[in-house]
Structure formats: structure tokens, C-alpha cells
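Data block below; observations after.
The values are calculated or read from the model by the stated rules, or taken from the named source; none is laboratory data. Note that the structure is a prediction, hence the values are computed from the model and not measured. With ideal geometry, Cβ positions are generated from the backbone for all residues, glycine too; neighbour counts draw on all protein chains shown.
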């Protein structure tokens, strides 16, 4: 007597076979050996800490570009290679003087963010004058003005003196632009004023590394970004062990490694409906200038989501197979990711370090401020990460197996967003 298999049983075998085949496929692409290969190059002593404006960071950029080429990524709009070059203006302070209603100001109370070597303004110069009263979020609000495209004279209430002095310590490199933002620490609201500020300006080149995987349908006009920053701190004074190189294995060679691996994974799958952008940012450590420049090249309305990956080489506070998402509560991005991992042992959690404002401290911040569901994925224990910004941040301190599982989780959790089936809610902009 012939025996027939039930159609449902056959379907079950097919599904099980497909699932096992897919699992084997992702393991073949995203595995600890490949993760370690890339991480080891980026965090090697030969990269000399990948400091901005040094030959070593150019060497790292060339390596990342070669990986993008190997994975068959296309060039970003307007580029003829993977290197998105742009110039920054660095200003060395020379002098500042001025007066409010003919009362002289002290030099220490004047601060300018400008790319002009000599700047002289008065109440007829067309600058918008704004009083910044006592504010616990002074730095955050000040940065919004600095990033704008208008000329401002911002008069800072002396109650914000601590924040004003912190602002003075910020790196004042800037993109070449015609607008300036001037801060003056004063209790006065002058009807007449005059200020003269002088800098010695120099221009230097920076490079983001960008590749794209075009979408397969009409949704290709919508972008999903996978990013990390590849710069670090370079070489400093030797520590107690005589090590002077800040290798930045976790910060953020780990995130850059993830971006390269994900580029390989999705380029092999070839099933993305939305266009995927893979980008390694420069100059995160000195003010996020790489991501700020990159963001200006995009219409934020076309960006569906941004997966920014920062320091995933160590266990999170919940142990292995876990990571947190900054700004988790600001959109349903995290919930979508977790739903896609329903059958996985991996879990994403909300950022447990909210008092440190991590949502605003990485390369997701510029696009997030424009409403994009742009979030950073990390495992770094920011209250107790022993190697953070130290020479000891080396590959030997990383857990390659756990790091591999995190990259797999990002790949799998993004699948419905990449496929155009889910669209995260926009991030509400702060007033």
C-alpha cells in the first residue's frame, strides 16, 4: 500500500528546511571569524588611533572603502567613489572686544562660532538678538542655534555662566558657511552694541565613507541608514604600561565593523525594497561633524530610519544577547525591532543611562533633531565602562561571539523596515 504525506506535513518540512537554510546563511555571512578580521584591522596599532586630521584615519577610510567595494555597494549621490570629502574650518582665537550701550565687555565674556577670520557687527548688522535666560538645558539649546543657518547675537544670562564656560571649551571647527553665532555673557539687553572678533583660520579635509544598496521597488526612494563612526583619539601620553595608542576597539571600531558586516549581509541577500545607506562617519569625537555634514546632503523626509551603532563589543548590563536603544521612548523603532526578534533569545532594552543624554551624544542626533527615527544601538555600560577613552580599549577586551550575535540581531530586527513593511513613527522634535 502506498503511503502519502499530508500537504500540511510537507509544508511543515519546507518551512523547517527554509528556516534552517536561512539560519545557516546568516551564520555563514555574520560570524565571529569575519567580525574579528575586520575589528582587528581597524583597532590595530598600525591605525594609530584613527585620529581626525591624521594620515592614520585616511588609512582606515581606505580600508573601509575597499570593504564596501568588495561587497558591491554603489556610490552615494554625487560621488565617484566611496569617500565623501568635505572641508572644515578651524579657528585659532586671537582677540575679542566690544561694548553694550557703550559699556565695555570683557574678552572672556565673548564667544563666537564663525568661519570668518575677522567679524565686526553692531545693532545695524541684521543679527537676530535673543536673550537666553536661566536654563537647565542651556548647552542643548545653544547647540540648536550653532547648527542653524542664521546670524544670531545670543545674550546669555549670568545664571548660565557654568554652561557658557563649558561651551567655550567646545571645539569650534565648522563647515564653511556665511553665518555666525555670537554669545555674550551679560545681564544687559543693549539697544546699541558693537563687537569685533578675530581668528586665525585654517581649512582641513575630512572624509566620511559611504556606500549604498539601491532598493528594489518604488520604495527605493526611501532610505534606511546603518552607521558608526570610525575616528577615535589617536596617540597620547603613555599610560602606566607604556601604551600611548588609543586603539578605540570598542569606540567605535566595533560599530564600524558592524556596518561593514551588515553591508555584506544585505548585499548578498539582495531583497531590500528600501535603499540602504552604509556610512562610517568621521569626526564624531570632536563634535559629530561627519554626521552633521552627511545629514545636510539628505532630505530628512526621505529617511525612514537610522541604525547608528556605537560600542557593541562588551556585554550590556543585562549580559549577553542584549543591547539598548537610545531614545527608545521617542518612537516605535525599538518595538518594531523587538517584534522582529520574537523568536530570538536576543532582546533590546530602553537606554538605562538617560541622565547622560546619550540620545544627543552620538551620530544619530542630527537626523533625530529633524524628526527621523534615528537611534543608537549600544551595549556600553556608561556608568562603569573600564576602558572607555583609554589606551586599554583594545581588541582583547571585546567579546567577539557576543558582538557577532548583536550584529545578527540588528540584521534580523531590521528586516521589516528594510522590506518596507514597517515604517517607524517620526521622532517628535523638542520645542
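Within the stretch 104-121, being touching a strand residue (DSSP E or B) at 6+ places or on another chain (Cβ under 6 Å) and either within 18 Å of residue 164 (Cβ to Cβ) or not in a strand (DSSP E or B) (or both) holds for 105, 107, 109, 110, 111, 112, 113, 115, 117. For residue 211, the stated conditions do not hold, so it cannot be described as in contact with a helix residue (DSSP H, G or I) (Cβ under 6 Å, 6 or more places away or on another chain), under 13 Å from residue 309 (Cα atoms) and either in a strand (DSSP E or B) or not assigned by TED's automatic domain parsing to the domain that holds residue 413 (or both). Taking the numbered list (1) over 25 Å from residue 29 (Cβ atoms); (2) in contact (Cβ under 8 Å) with a residue 12 or more places away in the chain; (3) not in a loop (DSSP other than H, G, I, E, B) in turn, residue 355 passes all entries but (2).
Tell me, please, whether a residue that is outside any helix (DSSP H, G or I) and closer than 20 Å to residue 38 by Cα can be found in the stretch 85-103. Within the stretch 85-103 (the criterion being outside any helix (DSSP H, G or I) and closer than 20 Å to residue 38 by Cα), the answer is no, since none of the residues qualifies.
One line per residue, one yes/no per condition, for (1) under 23 Å from residue 36 (Cα atoms); (2) in contact with a strand residue (DSSP E or B) (Cβ under 9 Å, 6 or more places away or on another chain); (3) at pLDDT 95 or above:
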site	(1), (2), (3)
339	no, no, yes
370	no, yes, no
389	yes, yes, yes
411	yes, no, yes
429	no, no, no
